[in-house]
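This report refers to the structure that appears directly beneath it.
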Amino acid sequence: MNLRQYTASALAIAGAVLLASGCGGNSCPTETPSVQQIGNCTAKPGDAVNVPVRLCPTCNQTGAACQVDTSQLASSGIVQLDPTVEACDSVSSCSSPAPQCQTNPLTCTFTVPANTQPGTTIRVAVFDPVTSREIDGTVTVSTGVSPSCENI
């Protein structure tokens, strides 16, 4: 076997090992982290709202992102938030598997529909897998205000 063949074989084996580990690409499998709190906000119709969500990930969870589902907004007044984190290692790799709440909240952004009536309260919900319950916040729609959320 010459050097070129040896190098190609070594790279193929390394790629197979990475692929088998579940982290062969630039990302790892995602999980839903524990959620401590959602901030309450105020916004005008048509405003983008940056809702703060305090996460409590375990030591193996990193890289938080937020998906926002507004499909229930018109019918039931609910915006569902789905924070996810990457988990390249098992939680069993943690010295303590208990979630630790982060100081800085994750921001989940959505736009209040322009036709929303002032005085409307939008329920913002996220599922907490540790307690198996939803954590709620609100966005109160009002005219003459700048979008703002409480510090959590």
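Read-outs: derived from the displayed coordinates by stated rules, not from any lab. This is a predicted model, so every value here is computed, not measured. So basically every Cβ, Gly included, is an ideal-geometry build from the backbone, and we count neighbours across all protein chains shown.
Regarding the stretch 111-152, what are the three Cα extents along the principal axes, ordered largest first, in Å?
39, 22, 16
Starting from the amide H of Gly46, placed 1.01 Å from N in the peptide plane, find each other amide H under 5 Å away whose residue is 5 or more places distant or on another chain.
Val112, Ala114, Thr116
Please compute the contact order of the stretch 32-149 in relative form: average sequence separation of alpha-carbon pairs under 8 Å and at least six residues apart, divided by the residue count, as a percent.
41
Take Ala125 and Ser92, extend 7 Å from each Cα along the Cα→Cβ direction, and tell me the distance between the two endpoints in nm.
Each label point is offset 7 Å from its Cα along the Cβ direction, giving 3.5 nm.
With 10 angstrom as the radius, rank Val49, Val68 by how many other C-beta atoms surround their C-beta, starting from the fewest.
Val68, Val49
Between Cys59 and Asn115, 0.36 nm times their residue separation minus their Cα-Cα distance comes to what?
The span from Cys59 to Asn115 would gain 15.9 nm if fully extended.
Treat the count of other C-beta atoms within 10 Å as a stand-in for reagent exposure and order Ser71, Ser92, Ser34, Ser142 from fewest to most.
Ser92, Ser71, Ser142, Ser34
On a full-extension model of 0.36 nm per residue, what is the gain between Gln102 and Asp69, subtracting their alpha-carbon distance, rounded to one decimal in nm?
So the chain would gain 9.5 nm between Gln102 and Asp69.
Using amide H atoms built in the peptide plane, which far-off residues or other-chain residues are under 5 Å from Val124 H to H?
Distant-sequence amide H within range of Val124: Val79, Gly137, Thr138, Val139.
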